[in-house]
Amino acid sequence: MHRNYRCTISYGKLNIPVYRVYAQPLTNITPIPESRFKGRPNTLFALLIDVEVFGNNFLPAYTEGDNRNVVATDSMKNFVLRQALNFEGSTIEALLIFLGQRFLSTYTQMEQIRLTTRELPFSPAQLPEKASTILFRREHGDFTTATMDFTRDTNQQPVITAHQCGRLQMELFKVTGSAFTHFVQDEYTTLPERMDRPLFIRLNVYWTYTDVTSLLTPDHAAYVASEQVRDLIQFVFDEFVSESIQHLVYEMGCRLLERFPQLATVTFDAQNHTRDLVVAAQEEEQIKVYTDPFTAFGNIHLTLSRTSEENQSEEPRL
Ligand SMILES: O=c1[nH]c(=O)c2[nH]c(=O)[nH]c2[nH]1
């Protein structure tokens, strides 16, 4: 039987847990007024890594059951874990660049590789007199992420072809100072107009750099720490009285691009988790009780990109 289908393939390993201790501290970042963040010691550098490889060298494994070119995903996992010992950088993006480069120079079978990482956040345990330098508490709040794509240039050198950094799963509840009014009213409208609502959002924010070499240099002056992005977003949410989530994320996006000229784009995915009002105290109006809303969430998406013709960097050599 002649099977004439087009195949698009990739394979890899998901969620490789890496707990590297005593990585290089993150220092020398440029402080911003909206954040106290100045760096982190990286004593416990914990993350999950996804590896996805692309290339037609792996096609015979699918079409003919021929595994001669297949790098076992188990070996990929071992590669990541062993190489993590040799990592000398201090950011998750630097770790991806280090691993991407090593994967492509080790395995000629791999034409392209995509690496994604999600931080497993830990914070120093607070002791009465100081923060511990050896004991860390697992946190389950928002965290840093990054994705990078690598291929080889015509000289067979690894290059970055795409990147995206981010802060995921921020959950922010503002008790006053958010409105949603003057929306379309028709026979389907049951939502009351609210001049002041308790706005609870779940927010993922992503960004890209105009010149990805900002992520390659050991000097972190142009590096945007995800903690700074988180703090700037919180700063804007705290002070800005929004007319909607659309209005809010646009303001956040503009402030991020203004604060960080090295960024090319910022993208938001914001879910609306505003609670429903049950009862308000009669004597003191600001005292209220809310409960969970109907279990379907509004989703607001925004990507802001610079419009000026700034040089978009071409695939930099590693
Ligand atoms: O900020 C909001 N934007 C909307 O588009 C919307 N729709 C809705 O029901 N509530 C809200 N809130």
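Coordinate-derived values only; no laboratory data. Note that the coordinates shown come from a computational prediction; the quantities given were computed from them, not determined experimentally. Here the Cβ positions follow ideal geometry from the backbone for every residue, glycine too, while neighbour counts run over all protein chains shown.
Quick notes on this structure:
- Backbone amide hydrogens, once placed in the peptide plane, bring Phe122 within less than 5 Å of Glu139, excluding anything fewer than 5 places away on its chain.
- Cα centroid separation - region 143-222 against region 35-51, whole Å: 18
- Considering all C-alpha pairs of the chain, those separated by over 30 Å amount to 46%.
- From phi via Karplus (6.51, -1.76, 1.60), per-residue ³J(HN,Hα) for region 50-65 in Hz, x at Gly/Pro: 10, 10, 9, 10, 10, x, 6, 4, 8, 4, x, 5, 7, 7, 10, x
- Dividing the mean sequence gap of close Cα pairs (under 8 Å, 6+ apart) by how many residues the chain holds gives a relative contact order of 15 percent.
- Once the Cα atoms are used to define both axes, helix 73-84 deviates from the longest principal axis of the chain by about 80 degrees.
- Computed about its Cα centre, the charge dipole of the chain is approximately 1300 debye, with only Lys, Arg, Asp and Glu carrying charge at their Cβ.
- For the chain, the 222 nm mean residue ellipticity estimated from helices alone, with every DSSP H stretch of n ≥ 4 adding -39500 (n - 2.57) and the total spread over all residues, rounds to -6000 deg cm²/dmol.
- Residues with amide H under 5 Å from that of Thr210, placed H, sequence gap 5 or more: Leu263, Ala264
- Annotation: amide H of Leu216 has no partner in the under-5 Å range at sequence separation 5 or more or interchain, hydrogens built in the peptide plane.
- Here the simple spin-label model places points 7 Å from the Cα toward Cβ, and for Arg3 and Arg102 these points are separated by 3.6 nm.
- Cα long-axis angle, helix 245-259 against the chain (0 to 90 degrees, to the nearest 10): 60
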